[in-house]
1. Which residue, S105, L51, Q37, has the largest displacement toward the positive end of the dipole of the chain when charges sit on each Cβ (Lys, Arg +1; Asp, Glu -1)?
2. So for each of 85-93, 197-205, 45-53, 127-135 I average, over its residues, the number of other beta carbons within 10 Å; can you give me the resulting order with the highest mean first?
3. From the convex hull of the Cα coordinates of the chain, what is the mean projected area in square nanometres?
4. How far apart, in nm, are the 7 Å Cα→Cβ label points at Q133 and A170?
5. If you line up the long axis of helix 82-107 against the longest principal axis of the chain, both from Cα atoms, how many degrees apart are they, to the nearest 10?
6. State to the nearest 20 debye the size of the charge dipole of the chain about its Cα centre, where the only charges are +1 on K and R beta carbons and -1 on D and E beta carbons.
7. At 0.692 mPa s and 37 °C, plugging the Kirkwood radius over alpha-carbon pairs of the stretch 218-269 into Stokes-Einstein gives what diffusion coefficient in µm²/s?
8. Beyond a 28 Å Cα-Cα separation, which of these cross-linked pairs lie in this structure: K25/K266; K20/K260; K199/K260?
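The values are calculated or read from the model by the stated rules, or taken from the named source; none is laboratory data. As the structure is a prediction and not an experimental result, all values here were calculated from the model. Here the Cβ positions follow ideal geometry from the backbone for every residue, glycine too, while neighbour counts run over all protein chains shown. Just so you know, the surface numbers come from the protein's heavy atoms only, side chains and all, with ligands and any DNA or RNA stripped out. Shrake-Rupley method; radii C 1.70, N 1.55, O 1.52, S 1.80 Å.
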Amino acid sequence: QMITPSLIFLMLFVTFCRVKPSQMKPSMLHVWLLLFQVVVSAALYFALLPLDAIVAQGAMICVLAPVAMAAVVIAGMLGANVPTMATYSLLCNMAIALIAPVVLSLAGTGACSFTQILARIAPLLIMPFAAAQFCRFLLPKTAKWIGDHSQISFYMWMASLVVIIGRTTAFIIDLHDASVSVELWLAFAALVICLGQFKVGRMLGRCYGDAPAGGQSLGQKNTVLAVWMAQSFLDPISSIAPTAYIVWQNFVNSYQIYKKDRETTKNQI
């Protein structure tokens, strides 16, 4: 239970050591990304509801889920503007903490409070940022060294990926209540939504001169939070969608990093 949160904390701490609070400024890109999440999640839910309520819930949560904590790290590897990503990570997670209780109370089976979601988000979002800024203020040379060696976060991401994929596989194997057809539809919906969000995010980011930031902001989701929200406030079977999303988004991330490394190697030659 502590391995993944600890790795995410360390990854964000390393990344945030490169970020000054004065560099973090909201932009119209952030507005469009957040608007997409809210509007499209509601539209997908109502569009799929007549076909299957569980698939509708799973699709909705895959779009509504806030940006992943590790998205800042991956976006930095892909050449995105790290302060832009850090700003959206903070804004998006706080905004979804406000919006999600309303959406989940209407679409789900029970009440959901702001404090419940914030309690899941704040420790892994605010604490690494505060620790990094504290380090930059008291130990500027140490913070600079950490920022200059931010590639360390890549290896931590790889380690967390092994744990997450293992837990995902175990969850799907242990689930016996869902029919195979519903499971396949949820996994397929997650795949389409994943690819669509990365594509739309890159298109929006390109309009503002930062395609990688747009793609990761919209495509890479806080799936651990999404699975918890689905299991706690929706039909538990709908959590297969964000569980499958974990696999799809990490395939996309792996391919993007591979492609970026190839381009870097070619440029060096």
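1. Final value for the positive-end residue is Q37.
2. Highest mean packing first, the order is 85-93, 197-205, 127-135, 45-53.
3. If you wrap the Cα atoms of the chain in a convex hull and average its projections, you get 14.4 nm².
4. For Q133 paired with A170, the spin-label model returns 3.6 nm.
5. 20
6. 1100
7. 260
8. Pairs exceeding the cut-off: K25/K266.
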